[in-house]
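See structure below.
The values are calculated or read from the model by the stated rules, or taken from the named source; none is laboratory data. What you are looking at is a predicted structure, and each value in this text was computed from that prediction instead of being measured. No Cβ is skipped: glycine too gets one built from the backbone with ideal geometry, and neighbour counts run over all protein chains shown. Protein only, heavy atoms only, side chains kept; ligands, DNA and RNA dropped before computing areas. Shrake-Rupley method; radii C 1.70, N 1.55, O 1.52, S 1.80 Å.
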Amino acid sequence: MSSKNTPHCNMKLSIVRLDHSRADFRAKTIPHDLIIGSLTREVLDYLSCKPALEAARDNNQRWSSLGTKPSLKEFLLKQTLVKNVMRYVRDPDRWIAFTSLLLKSIAFYRYVESSMSIPVDEETKLPVVDLPRTKLNRPYLPRIMTDKACARRIEEVVGEEVEESTDSMMNISHQYPYACMIQKQDESSFPLIGCDVVIFDAHLNKHTPTISEFLKVFVGSFTPLEWQSISTSKNALPRSDDDTLQEFYLRWAMKEAHTKALGYGMNVDFDSFETRLIGLDVDGVDQKSAFKPHDGIWESITAGMNMSSNQHDVHVHHQVSFVSQITRKRKQNVAILEGDFWVFTFISLVERSELAGKKTIESENTTTRNGCVVVCRGPFHDIEDATTSSNEHHIVLENLTLMDLIRFHGMKAVMQKYK
């Protein structure tokens, strides 16, 4: 893809790297493991908070400075949000939970005013908006009165109908140290979008002391053809442990991004459907992309990175897309849209040279941790539409810090005790 013509874009991927962001919040008087609790309370006390359904109905209060005393409902919501952050035992999980809360709030404000940037005007103070959830615990953007989008029904699972925007959908994923959010912000040829982030770490312990033992646990989550793509190269030779681990995580992220786009998440057995990438797993039409398929997904991604190393177009840098057709392998109590086409976009998460010397929190593991964000969008009813979207609808990448998320809501300065 040439960088001379800016491709049409209606998707933004916000990426927060928390091992670097946490270093921005040091406090001389607060023990390190208590900082996140104090920070969460300070931010919610200063900004207030509001349920999304109420914020969507009240245009005036939504943009006011909200200097008035919070209502009882808002006070109780703040207590709930603090508990939701602090219920985790591990400190990194608490930072992830707080970051996810702020990202979802930003998704709401960008939904009602897509031109909002970071930071907002210094005189503005926006409450932290709490999004509603479906019965399957998926957060969503509620439809506002000016939105033409219709309700989305999750009928085969719980018979639930929600008034959800399909013009501005969002999805959150996180695996420490990353928290990511994908959001589409206009009418498009595809109604659904989901994402998943993975880090290429082998979780070795006494039960799975080697990468091979670790991978055996997940064989049953894939179809035989999918596992063959994970473990075997195009030359029918076994992949190395490291290469197999990377392909496993990428194929897993494809499945999770797809089920999240459908609204089911982990409520689907992953071996009940099969994902095959056209042009990589099966022959297909030439997608006319600069990123030609190689031996495996990660090799295709890294080849694309090398080809775009001299480009400065944020729309195409470090991302490669494939069209896929989903096949149902056995019946489940969910609607897998068999026969339709989907687009999977892979965005690499590689240690960038400018971050090598950036400060991190004390005792934090600062070794390079490569990973990937996988975005699934669709469905498309024919391969031509899917291919066009794959080539023309690229994702804008937005690298943020936790400080950026707080400043977005209008906090003029973070408290001095965190300096």
- prompt: How would 172, 230 rank on accessible area, largest to smallest, probe 1.4 Å?
  reply: 172, 230
field: Heavy-atom SASA rank of 86, 181 (probe 1.4 Å, accessible area, largest first)
entry: 86, 181
statement: With +1 on the Cβ of every Lys and Arg and -1 on the Cβ of every Asp and Glu, the dipole magnitude of region 186-270 about its Cα centre, in debye rounded to the nearest 20, is 280
message: How large a share of the accessible area of region 170-223, in percent, is made up of carbon and sulfur atoms when the probe is 1.4 Å and the other protein chains stay in place?
response: 54
- prompt: Say the cut-off is 32 Å between C-alpha atoms; which of 125/255; 234/255; 216/260; 135/331; 12/50; 104/216 go over it?
  reply: 125/255; 104/216
- prompt: Can you put 207, 318, 20 in order of accessible area, largest first, using a 1.4 Å probe?
  reply: 207, 318, 20
message: Taking 2.2 N^0.38 Å as the expected size of a compact globular protein, what ratio does the Cα radius of gyration of region 13-53 give against it, to two decimals?
response: 1.44
field: Order by protection proxy (mean Cβ within 10 Å, highest first), peptides 96-109, 193-206
entry: 96-109, 193-206
message: Using protein chains only and a probe of 1.4 angstrom, how many square angstrom of residue 167 are accessible, to the nearest 10?
response: 30
query: Can you give the FRET efficiency for residue 79 and residue 206, using 1/(1 + (r/R0)^6), R0 = 45 Å, r = Cβ-Cβ distance, to the nearest 0.05?
result: 0.65
- request: Please calculate the 1.4 Å probe accessible area of residue 186, with all protein chains present, and give it to the nearest 10 Å².
  value: 50
- prompt: Accessible area of residue 232, 1.4 Å probe, to the nearest 10 Å²?
  reply: 40
